[in-house]
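Q: Can you read through this structure? Questions will come right after.
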Amino acid sequence: MARGSSGGRWIQQWDPEDEVFWAERGERIARRNLVFSVLSEHIGFSIWTLWSVMVLFMGPEYGVDPAGKFFLIATATMVGAVIRVPYTFAVARFGGRNWTVISALLLLLPTGAAYAVMEPGTSYGTFLAVAALTGVGGGNFASSMTNINAFFPLRKKGWALGLNAGGGNIGVPVVQLVGLLVIGTAGAAHPRLVLGVYLPLIVLAALCAALCMDNLAPVKNDTGAAKEAVRDPHTWIMSLLYIGTFGSFIGYSFAFGLVLQTQFGRTPLQAASLTFVGPLLGSLIRPVGGSLADRFGGARITLWTFAAMAAATGIVVYASVSESLPVFLVGFIALFVLSGLGNGSTYKMIPGIFKAKALAKGMAGEVAEAYGRRLSGAAMGLIGAVGALGGLAINLAFRQSFLTAGTGTGAFVAFLLCYAVCFTVTWAVYLRRPVAAPVTSAKANAQLSYVEV
């Protein structure tokens, strides 16, 4: 390990695919960076989804109707999605450790701003601007995943990326639990207590990253890889699938409590006591999705996840029409669990797809591994950004459904159709075997190899 010209801890050589290097040194370093990456990303997710909690504190005295609250959380979702693209490239520009410190400290801005304005009488435009600032927390996911992707060998990526993302995703239910604790003890008139909890935690995350993480010198921004990833149809196909999995998770995480209040008449305390359950279970199961994908293939797990999500959405539609809260909770929480499972399996597919393309091009060994790392790293940021826009679509769909019909039923029907499309695309592109045999073309070889992604 050596000190780079930009300061900080820099590792000059890194080859996780070398099994001797991995066993002797690489795994220990990679796991240490993973732990503190999870901590920072965890807090980033909490800040990104902060307004899913703040809207529960906004009673009639704030003068914001349900449609306005849905638009607040949609704004936070949108900014968090868009900012993922530059955050992806920041890792190579500044170093994974250095950018983790910077991105953690940036979380002080939206948290401090919310602390300053969170009271009745503040204009809606001000709330909207502060909600937009929380988008920086959404960017942390992209930089963290890009960084951890570089640390681990392909055979471990499903587990590592699933654990990294799952640990980050748990930031959603944790901030909702903090909100529940505040509402249950101090009452709905004290939202600043939630913000006061997170200000010192942000500083702690930045300090831990500075002391315990590393920069990888071999990780460089590759504009050629970025352009190639943008042109590759699989980048956009996987973006669609990630809209179905992660877009669902983050969109439902933002909207769950507000749907309970608006459609089922729950009080802030009642809504807060239920809101955290789905995101918690969805976060915990994400590493399981990655591990199952490592074992059985990401495409297979993703396919059946979408089938199950469509079935769970059907249950939610029934509950919404019949106004049955218990059935609604069963179906909605199942959607969280399944979206978490699919999050892990879809992200596992990305490096596998690009390695399969390398093999189809006639590459082998380290050359194929390097090509897969290069293209998957470039694609992950874009896929993560587009996928997160699914959360924006979900909240806008809820807003429109409640404006026009007073319930979320119409939105859920639209979500069911989306899962059916994602199921079909997954099967058609990554699992359908060509009819002709034996396989004689590189294209057919590539298609068959996708069975294992």
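Q: Stokes-Einstein D for the range 207-333 at 10 °C, 1.306 mPa s, Kirkwood Rh over Cα pairs, in µm²/s?
A: Details: Rh = 17.8 Å.
After rounding, the answer is 89 µm²/s.
Q: Further, regarding this structure: Which three numbers, in whole Å and largest first, are the semi-axes of the equivalent ellipsoid of the chain derived from its Cα gyration tensor as √(5λ)?
A: Details: eigenvalues 260, 154, 53 Å².
For the chain, the semi-axes come out at 36, 28, 16 Å.
Q: Taking Cα atoms, how many degrees apart are the long axis of helix 154-169 and the longest axis of the chain, rounded to 10 and kept between 0 and 90?
A: So the inclination is approximately 10 degrees.
Q: Based on the mean of other beta carbon atoms within 10 Å per residue, what is the order of 387-396, 126-135, most packed first? Could you put the intermediate results ahead of the total?
A: On the way: 387-396: 25.2, 126-135: 20.5.
Descending mean neighbour count gives 387-396, 126-135.
Q: In addition: Which whole-angstrom value gives the distance between the alpha carbon centres of the range 212-230 and the range 361-403?
A: Rounded to whole Å, the Cα centres lie 16 Å apart.
Q: Over the chain, what is the relative contact order in percent, taking alpha-carbon pairs closer than 8 angstrom and at least six residues apart?
A: Values: 849 pairs, mean separation 105.3, N = 453.
23 percent.
Q: To the nearest 20 debye, what charge dipole does the range 319-431 have about its Cα centre, counting +1 at the Cβ of each Lys and Arg and -1 at the Cβ of each Asp and Glu?
A: For this selection, approximately 380 debye.
Q: Another question, if that's okay. Put +1 on the Cβ of every Lys and Arg and -1 on every Asp and Glu Cβ in the chain; which of PHE354, ILE148, GLY365 then has its Cα farthest towards the positive end of the dipole?
A: Of the options given, the answer is GLY365.
Q: Hey, another quick one. On C-alpha positions alone, give me the angle between the axis of helix 108-117 and the longest principal axis of the chain, in degrees, nearest 10.
A: It works out to around 10 degrees.
Q: Rounding to the nearest 20 debye, state how big the charge dipole of the range 330-377 is about its Cα centre with +1 on each Lys and Arg Cβ and -1 on each Asp and Glu Cβ. Before the final figure, lay out the partial values.
A: Working: 6 positive and 2 negative charges, 29 e Å.
Rounded to the nearest 20 debye, it is 140 debye.
Q: Using +1 on the beta carbon of Lys and Arg, -1 on that of Asp and Glu, and nothing else charged, what's the dipole of the range 21-84 about the Cα centre, debye to 20? It would help to have the intermediate numbers written out before the result.
A: Working: 6 positive and 5 negative charges, 70 e Å.
Its charge dipole is roughly 340 debye.
Q: May I have the pair-distance distribution P(r) for the range 1-159, computed from all Cα-Cα distances with 10 Å bins from 0 and rounded to whole percent?
A: Going out from 0 Å in 10 Å bins, the range 1-159 shows 10, 34, 26, 16, 10, 3, 0 percent.
Q: Would you work out which of GLN176, GLY196, THR235 lies farthest towards the positive end of the dipole of the range 172-238, given +1 charges on the beta-carbon of Lys and Arg and -1 on that of Asp and Glu, about the Cα centre?
A: GLY196
Q: A further question on this structure: With no solvent and one equal point scatterer per Cα, compute the Debye intensity ratio I(q)/I(0) for the range 1-85 at 0.13, 0.16, 0.18 Å⁻¹ and report its log10, rounded to two decimals.
A: Computed log10 I(q)/I(0) values: -0.67, -0.80, -0.89.
Read the figures in this text as sums done on the coordinates, not as results from a lab. Remember, it's a predicted structure, so these values are computed and weren't measured experimentally. So basically every Cβ, Gly included, is an ideal-geometry build from the backbone, and we count neighbours across all protein chains shown.
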